[in-house]
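The values are calculated or read from the model by the stated rules, or taken from the named source; none is laboratory data. The model shown is predicted, which means the values in this text are computed figures rather than measured ones. Methodologically, a virtual Cβ is constructed for each residue, glycine included, from the backbone with ideal geometry; neighbour enumeration extends over all protein chains shown.
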Amino acid sequence: MAKVGGRAPRMMVIGAHPDDCEYKAGGLAALYRQSGSDVCFVSVTDGRSGHQTRYGPQLAAERREETAASGRVLGVEYRVLSYPDGALQPTLEARDEIIRLIRQYDPNLVLTHRPNDYHPDHRNTSLLVCDASYLLTVPAVASQTPALARMPVIMYLSDDFQRPSPFSPSVVVDIEPVLDSVLDMLACHRSQVFDWLPFNRGELDQVPSNRDQQRQWLRDWFLGVLAPLADRHREAIILAYGEEIGRQIRYIEAFETCEYGTPLTPELRNRLFPFLPDEG
Ligand SMILES: [Zn+2]
């Protein structure tokens, strides 16, 4: 991958829950790792609340094991912070922890939720990252960890919410070549993808008990969730990949630039997303 400031670009994805990073940016992470770039996933909460029968420290410990397994799939560093799932507040303590985390990793690209997401943990994670962005460069804030000379590029993960403004992608990435890696990571989150999420959707009775069948079931479900994203953003795909290829792309991830980070110039876009056709 082309170097940024003398090294291959590195990416940090900051999600609210164990599995958010994989769902929304697992494909980009796989492409980064294929290019030899480092990736760090962060779950700001500990995942202690998202299950129909188990909760608390026992579930949080289970979630840490699942995130560790998911991280091993691609060699991604997976950090799980200790804020309680379902009760994340945008405190100064949490903001300082996010500032220190980003400074220590020094990523060129940071991805997080949009501020108008439905889930309070997602919204507060977004707020924490957005509030951290400028302060990353202010030495007197969280002063034990040296400030960054420059903010990273910050981008939002995709969602379907329309108000107050719909998600508008700045970058779309074809992830079909790396879909198996994404599914390998998602399958590590067993207590979520085979328990809690289907239970929450009222579909628990559809989950096969056989492990091989579970994998196919996960694939079918995930592709069903993913396919509408490409249809919704077909114009952006054609703009990035050209008419002929753009019409055929089926599965994408999409990211919207956050105005608080370093602007995504065409040159930076080519460096941070070298697997896209060159722009301009
Ligand atoms: Zn989440």
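For region 136-147, does any single residue satisfy the condition of being at pLDDT 95 or above, away from the ligand (no atom under 16 Å from the Cβ) and on the phi > 0 side of the Ramachandran plot?
yes
For residues in region 16-47 being of a type in the set (S, T, N, Q) and free of Cβ contacts under 8 Å to residues at least 40 places away in the same chain, which is surrounded by the fewest Cβ atoms within 10 Å (Cβ to Cβ)?
Ser37
What number of residues in region 150-175 are among the acidic types (Asp, Glu) and more than 25 Å from Pro107 (Cα to Cα)? Step through it out loud before you land on a result.
Pass one, region 150-175, residues among the acidic types (Asp, Glu): 159-160, 174.
Now restrict to residues that are more than 25 Å from Pro107 (Cα to Cα): 160.
Within region 150-175, residues that are among the acidic types (Asp, Glu) and more than 25 Å from Pro107 (Cα to Cα) number 1.
Tell me the residue from Gly27, Gly50 that is modelled with pLDDT under 95 and under 19 Å from the mean Cα position of the chain (by Cα), please.
Gly50
Against the definition (small (Gly, Ala, Ser), in a loop (DSSP other than H, G, I, E, B) and modelled with pLDDT under 95), how does Gly280 come out, yes or no?
The answer is yes for Gly280.
Can you name the number of the only condition in (1) under 23 Å from Gly26 (Cβ atoms); (2) in contact with a Lys or Arg (Cβ under 8 Å, 6 or more places away or on another chain); (3) not in a loop (DSSP other than H, G, I, E, B) that Asp131 fails?
Result: Asp131 passes all but (1).
State yes or no: is Gln162 within 17 Å of the chain's Cα centre (by Cα) and either away from the ligand (no atom under 16 Å from the Cβ) or polar (S, T, N, Q) (or both)?
So Gln162 does not fit the description; no.
Quick one: count up the residues across region 229-266 that are of a type in the set (Val, Ile, Thr), assigned to a helix (DSSP H, G or I) and loosely packed, with under 13 Cβ neighbours inside 10 Å.
So in region 229-266, the residues of a type in the set (Val, Ile, Thr) come out as 237-238, 245, 249, 252, 257, 262, 265.
With assigned to a helix (DSSP H, G or I) added as a condition, the list becomes 237-238, 245.
Still in the running and loosely packed, with under 13 Cβ neighbours inside 10 Å: none.
Count: 0.
Pick from region 133-188 the residues that are within 24 Å of Leu92 (Cα to Cα) and polar (S, T, N, Q): which of them is surrounded by the fewest Cβ atoms within 10 Å (Cβ to Cβ)?
Here the answer is Gln144.
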